[in-house]
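Encoded as structure tokens, the structure appears first; notes follow it.
The values are calculated or read from the model by the stated rules, or taken from the named source; none is laboratory data. The structure displayed is predicted, hence computed values, not measured ones. Counting neighbours? That spans all protein chains shown, and the Cβs are built from the backbone with ideal geometry, glycine included.
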Amino acid sequence: MYRLYIRRCSSTFFHQYTAKNEPVLEYRRNSNELKQVQKVLDEYKSKVTRVPCIIDGKEFWTEDIQKQVLPFDHKHVLAEYCYADKSLLEKAIERAVKNQPKWDLMPIEQRANIFLKAADLASDLKWRSHLVATTMLGQGKTVFQAEIDAACELIDFWRFNVQHLASAMTYQPISTGDSDNNYQYRGLEGFVAAISPFNFTAIGGHLASAPALMGNTVLWKPSDTATLSNYIVYKILEEAGLPPGIIQFVPSKGVDFGKTITQSPDLAAITFTGSTTTFKTLWKWVAENLDNYRTFPRLIGECGGKNFHLIHPSADLTTVINGTIRSAFEYSGQKCSACSRVYLPRSLSNKFYSQMQNIIKNELRIDTPLKFDTFTSAVIDRNSFNRIRTSIDFARTSPATKILVGGEYDDSVGFYVKPTLIETTDPKNKLMREEIFGPVVTIYVYDDQKFDETVDLVNDTTNYALTGSIFCQDKTILEKTRERLIHTAGNLYLNDKSTGSVVNQQPFGGARLSGTNDKAGGPHYLLRFTSPLTVKNMKEPLKTFKHVSME
Ligand SMILES: NC(=O)c1ccc[n+]([C@@H]2O[C@H](COP(=O)([O-])OP(=O)(O)OC[C@H]3O[C@@H](n4cnc5c(N)ncnc54)[C@H](O)[C@@H]3O)[C@@H](O)[C@H]2O)c1
Ligand SMILES: N[C@@H](CCC=O)C(=O)O
């Protein structure tokens, strides 16, 4: 182990490091991974875990105690945590700013090694089962959804970021006979605020750790409803050797955190993933404080979507049906990339409707994720449940919309919403424009000969541009449509569903109001968290001020 560590810290190992995507475990009956997860699930279910704020490696508690419950059984308290108040947040900022220069001076190879070690720890069943179990319980994911998120995607982020950094460092400017020129990646002066959403444990871990890898210190505000799984991520980083005070783990009320960080002169960057509305609020608060900063804070935001499936009459219907079921309803439509508007040619509509209705009514088990044949479970919390319910009620009463299947909801035990298909006769209906973030899909049926106009509709209907899919077997039309939809998505899929991006296979992020499109998991993301220094070092003394033309 020690020898491996030395090898990893070496410059050669770092510069030649090539990551591989973490294999997805299958959790078949009687498999080791399933037994282990079951054991850990039982442990967490039988207790209330206490999650502190952590600043400089020390635990802090305030009197503002919050509870994280199971979304599928909301009377069951999973964890207790406290909100950091303004003074605790200011302490976290002050310490982070003090810690940054020393951390930035640590050789990059050593910093990278900590994240590679964290990836190895997360890959091992011991920690992996905690990541998966707390994501299942706290965020209501099935075991498969928890595995691809909290284990595989997190591990991939940690490993591929190291590879991307090593590859970025291969660039050096040209040195000449007169001067040696050098290009160096520095962290940002001040601190970085990482604000993460509830729906992906991996995103939380990534938002906090990518800036840290680049020599920054970070205040990490997890989402209330992902506190426990995010705390596990923090514990893994701690065990991997992340020194105290590099990531300050500070659960807090969104508005308190947002106000406090944007009012600090030391704010160097915000890395945010969540709704477009919250990101706009943060951007405005930064603008209000612009005269108070030591630097221009970088604003990195990955936001909402209104993701489309555009189906051409030549599409393979089986692919369309399976892809739409998975994209729209896996994790109850709570992936930012989930399909929520469908453009369907009239010639395919009868078959599409009957097959979708049959699957939704007879084949999708909507239940606790602790039963392993559950397809999807409850939505995350009461706010979300109410928002989705409002959209369904709108569809029920509006003259331009009709519920085809689903539309039932029940919050008596958990926040359950049945997968719902809605048809609209108005392609610009608000259900085709606004993000709902639940298991609700709205369909607009177009006349087959109006495919061209429909492509314009896909482009013009909403300002979101996160993901989208074109299903079409005619290669010429597929290519032409893809060109016409170039700005409608940051991630465009051809004959595939709009979800399921994999780190470094489909670097992820949206355009337009879906975010700043810095592509998490891709080679350029890390560059948002560095302020490079160019050094020119003269080899010879400067003997005269005169240019040769003056002689
Ligand atoms: N584009 C992407 O990569 C991506 C990935 C995941 C989720 N999302 C989007 O995230 C949203 C769902 O996540 P959510 O419900 O957690 O989003 P959200 O905007 O409600 O919350 C995100 C985070 O911001 C915090 N927050 C809320 N108000 C704040 C404020 N005023 N100041 C500072 N922080 C504040 C929340 O507590 C949470 O930690 C959806 O819109 C989804 O599309 C996008
Ligand atoms: N990487 C995810 C999207 C993350 C947003 O929630 C996917 O493509 O399914």
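Scanning region 207-223 turns up at least one residue that is within 17 Å of I300 (Cα to Cα), touching a strand residue (DSSP E or B) at 6+ places or on another chain (Cβ under 6 Å), in contact (Cβ under 8 Å) with a residue 60 or more places away in the chain and within 16 Å of ligand 2 (Cβ to nearest atom). When the residues of region 479-493 are filtered to those that are of a type outside the set (V, I, T) and assigned to a helix (DSSP H, G or I), the one that is farthest from ligand 2 (Cβ to nearest atom) is K480.
Exactly one residue among I155, I174 is within 16 Å of ligand 2 (Cβ to nearest atom), out of contact with any Cys (no Cβ under 8 Å at 6 or more places or on another chain) and farther than 20 Å from L78 by Cβ, and that residue is I155. The set of residues from region 492-551 being surrounded by 11 or more Cβ atoms within 10 Å (Cβ to Cβ) and of a type in the set (S, T, N, Q) comprises N495, S498, T499, S501, N504, Q505, Q506, S514, T516, N517, T530, S531. Checking each residue in region 390-407 for being buried (at least 17 other Cβ atoms within 10 Å of the Cβ) and either modelled with pLDDT under 95 or assigned to a helix (DSSP H, G or I) (or both) picks out S391, I392, A395.
Condition check ((1) assigned by TED's automatic domain parsing to the domain that holds L78; (2) in contact with a Cys (Cβ under 9 Å, 6 or more places away or on another chain); (3) closer than 19 Å to A96 by Cβ; (4) near ligand 1 (Cβ under 9 Å from one of its atoms)) across all residues:
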{"residue": "L228", "(1), (2), (3), (4)": "yes, no, no, no"}
{"residue": "V233", "(1), (2), (3), (4)": "yes, no, yes, no"}
{"residue": "E238", "(1), (2), (3), (4)": "yes, no, yes, no"}
{"residue": "I246", "(1), (2), (3), (4)": "yes, no, yes, no"}
{"residue": "G258", "(1), (2), (3), (4)": "yes, no, yes, yes"}
{"residue": "P265", "(1), (2), (3), (4)": "yes, no, yes, no"}
{"residue": "S275", "(1), (2), (3), (4)": "yes, yes, no, yes"}
{"residue": "E288", "(1), (2), (3), (4)": "yes, no, no, no"}
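Checking I366, I325, I311, I261 one by one, the residue that is crowded, with 23+ Cβ neighbours inside 10 Å, within 24 Å of I436 (Cα to Cα) and modelled with pLDDT of 95 or more is I311 and no other. Scanning region 494-533 for residues that are assigned to a loop (DSSP other than H, G, I, E, B), within 11 Å of ligand 1 (Cβ to nearest atom) and of a type in the set (A, V, I, L, M) gives a single hit, L513. Of all residues in region 347-388, those satisfying the criterion of being assigned to a helix (DSSP H, G or I), touching a residue at least 24 places away in the same chain (Cβ under 8 Å) and within 16 Å of ligand 1 (Cβ to nearest atom) are R382, S384, F385, R387, I388.
Those strands (runs of 3 or more DSSP E) of region 1-117 in which at least 2 residues are closer than 29 Å to G521 by Cβ, considering only elements entirely within it, cover 53-55, 73-82. Of everything in region 413-468 that is without any contact (Cβ under 8 Å) to a residue 12 or more places away in the chain and under 19 Å from S349 (Cα atoms), the residue that is farthest from ligand 1 (Cβ to nearest atom) is Q449. In region 279-305, the residue that is farthest from ligand 2 (Cβ to nearest atom) out of those that are within 23 Å of N463 (Cα to Cα) and free of Cβ contacts under 8 Å to residues at least 60 places away in the same chain is A287.
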